[in-house]
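Read the structure below first, then the notes.
Derivation of every value follows stated rules applied to the coordinates shown; laboratory data play no part. This structure is a prediction, so every number in the text was calculated from the model and none was measured. All Cβ positions, glycine included, derive from the backbone under ideal geometry; neighbour counts span all protein chains shown.
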Amino acid sequence: MTNLNAQTKRRGLTVKTRKRIFIVVMLAYPVFHFLFFWIFVNFNSILLTFRRYVAFPSDRYPEVGWYFVDFENYRYIFDRFSVNQGFRQMIWNSLTYAVLNVGVMFPLSLLAAYILFKRVPASKFFRALFFLPSIIPMVVLTLAFKTSLDPIRGFVPAALKAVGIGSPMFFGNAVFSQFSIYLFMIWSGLGYNIILLSSAMARLPIEVLESGKLEGIGAPRELLQMVVPLIWPNITTMIVLGLISVFGVSLQPLMLSGGELNKTIGLEIFLQSQGENNLSYPATLGLICSLIGAPVIVGIRTLLERFFQEASY
């Protein structure tokens, strides 16, 4: 061993030095990614909320450039909320997606996943059918969905006309557009939730479920009293992800209705960030949403984790 180390030293680097170089090289990219894309970007975003780019000089701002404006950006956001109906509607549109995910999509996903878990006929086919929209790009999904609702080429208006029902303009006004976006969210997101819940149910111990059958427990009680408590950590995660959709829904309204009729917080931040100099407003809006939303979501998660004790199996 001593001769090997001596030969390695004569050739150049020792084995320990090579290991250290290997570790440094392997950690260099993730450390750089964390420092630049998380620490620097977020720190710079916070600084932007206290600055403003002035493109047209005035007595207060005599030159073109960035100026420190104290809390003016924050006052501007709260002023818009108090006097601008469109801004309040944007907030409301965003909140409805949390209700849609938690109150509609989650119960439907749980029920469908349980039915597939019970291995109904053609369960594998339906599992693949549900999962298919989750692996197709968003652009293709929105195009296919919007085409199906087209009053001239769409099969949905044609089917409604065949049964004597007049087809509305699904993207003609804010109400029908919002309803159509809800349908798209359910159609495109249901399969992903079903796969997650089905995977969690597949890990359940068969002995526990069989003991319930021996006690005469039916399917509804088995789902609510046995399956749900056993997969509660997965359910908690899905509910939290559903709540985060308040800030995450952006491309769906943009691609389906153009965005103006059904604007959300995420879409507003995305659109305002496209300008080279108008970055203070989206940065301020995003920070305010984070300061309000993060404690609420963490609090809801903490409350949900108290419902059932995590089971080990």
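Looking only at the stretch 62-82, filter to residues that are assigned to a helix (DSSP H, G or I) and in contact (Cβ under 8 Å) with a residue 12 or more places away in the chain; which one of those is farthest from Glu268 (Cα to Cα)? Spell out the reasoning first.
At the first step, the residues of the stretch 62-82 found to be assigned to a helix (DSSP H, G or I) are 72-82.
Now narrow it down to the ones that are in contact (Cβ under 8 Å) with a residue 12 or more places away in the chain: 72-74, 76-77.
Numbers: Glu72: 19, Asn73: 15, Tyr74: 16, Tyr76: 15, Ile77: 12 Å.
Of everything passing the filter in the stretch 62-82, Glu72 is farthest from Glu268 (Cα to Cα).
For the stretch 215-250, which residues satisfy the criterion of being closer than 16 Å to Thr96 by Cα, in contact (Cβ under 8 Å) with a residue 40 or more places away in the chain and either of a type outside the set (Gly, Ala, Ser) or outside any helix (DSSP H, G or I) (or both)?
Those that are closer than 16 Å to Thr96 by Cα, in contact (Cβ under 8 Å) with a residue 40 or more places away in the chain and either of a type outside the set (Gly, Ala, Ser) or outside any helix (DSSP H, G or I) (or both): Ile239, Val240, Leu241, Leu243, Ile244, Val246, Phe247, Val249.
Limited to the stretch 39-61, what total is found for residues that are among the small types (Gly, Ala, Ser) and not in a helix (DSSP H, G or I)?
Initially, the stretch 39-61 is screened for residues among the small types (Gly, Ala, Ser), giving 45, 55, 58.
Subsequent filtering for residues that are not in a helix (DSSP H, G or I) retains 55, 58.
The total comes to 2.
Yes or no: the stretch 149-163 includes at least one residue that is over 27 Å from Glu260 (Cβ atoms), touching a residue at least 60 places away in the same chain (Cβ under 8 Å) and not charged (D, E, K, R).
no
Give Phe130, Phe125, Phe145 a once-over and let me know the one that is part of a helix (DSSP H, G or I) and touching a Phe, Trp or Tyr at 6+ places or on another chain (Cβ under 8 Å). Explain how you work it out, then say what you get.
Working: Phe130 fails: touching a Phe, Trp or Tyr at 6+ places or on another chain (Cβ under 8 Å); Phe125 fails: touching a Phe, Trp or Tyr at 6+ places or on another chain (Cβ under 8 Å).
Result: Phe145 is the single residue among Phe130, Phe125, Phe145 that is part of a helix (DSSP H, G or I) and touching a Phe, Trp or Tyr at 6+ places or on another chain (Cβ under 8 Å).
Out of Ser177, Ser211, Ser199, I need the residue that is assigned to a helix (DSSP H, G or I), within 30 Å of the chain's Cα centre (by Cα), among the polar types (S, T, N, Q) and surrounded by fewer than 18 Cβ atoms within 10 Å (Cβ to Cβ). Which one?
Details: Ser177 fails: surrounded by fewer than 18 Cβ atoms within 10 Å (Cβ to Cβ); Ser211 fails: within 30 Å of the chain's Cα centre (by Cα).
Within the list Ser177, Ser211, Ser199, the selection yields Ser199.
Taking Leu291 as meeting all but one of (1) over 20 Å from the mean Cα position of the chain (by Cα); (2) in a helix (DSSP H, G or I); (3) surrounded by fewer than 16 Cβ atoms within 10 Å (Cβ to Cβ), write down the number of the exception.
Single failed check for Leu291: (1).
So which of Leu261, Leu285 is assigned to a loop (DSSP other than H, G, I, E, B) and surrounded by 11 or more Cβ atoms within 10 Å (Cβ to Cβ)? Give the derivation first.
Values: Leu285 fails: assigned to a loop (DSSP other than H, G, I, E, B).
None of the other options fit; the residue is Leu261.
Out of the residues in the stretch 240-261 that are out of contact with any Gly (no Cβ under 7 Å at 6 or more places or on another chain) and β-branched (Val, Ile, Thr), which is nearest to Ser188 (Cα to Cα)? First the steps, then the outcome.
To start, the set of residues in the stretch 240-261 that are out of contact with any Gly (no Cβ under 7 Å at 6 or more places or on another chain) comprises 240-245, 251-252, 254-261.
Subsequent filtering for residues that are β-branched (Val, Ile, Thr) retains 240, 244.
On the way: Val240: 19, Ile244: 17 Å.
Across the stretch 240-261, the extreme among qualifying residues is Ile244.
Need pairs with beta-carbon distance below 7 Å; first residue more than 15 Å from Gly259 (Cβ to Cβ) and touching a residue at least 12 places away in the same chain (Cβ under 8 Å) and within the stretch 173-196, second assigned to a helix (DSSP H, G or I) and among the small types (Gly, Ala, Ser); sequence gap 6+ or separate chains.
From the stretch 173-196, the pairs are Leu190/Ser109; Gly191/Ser134; Tyr192/Ser134; Asn193/Ser109; Ile194/Ser109; Ile194/Ala112; Ile194/Ala113.
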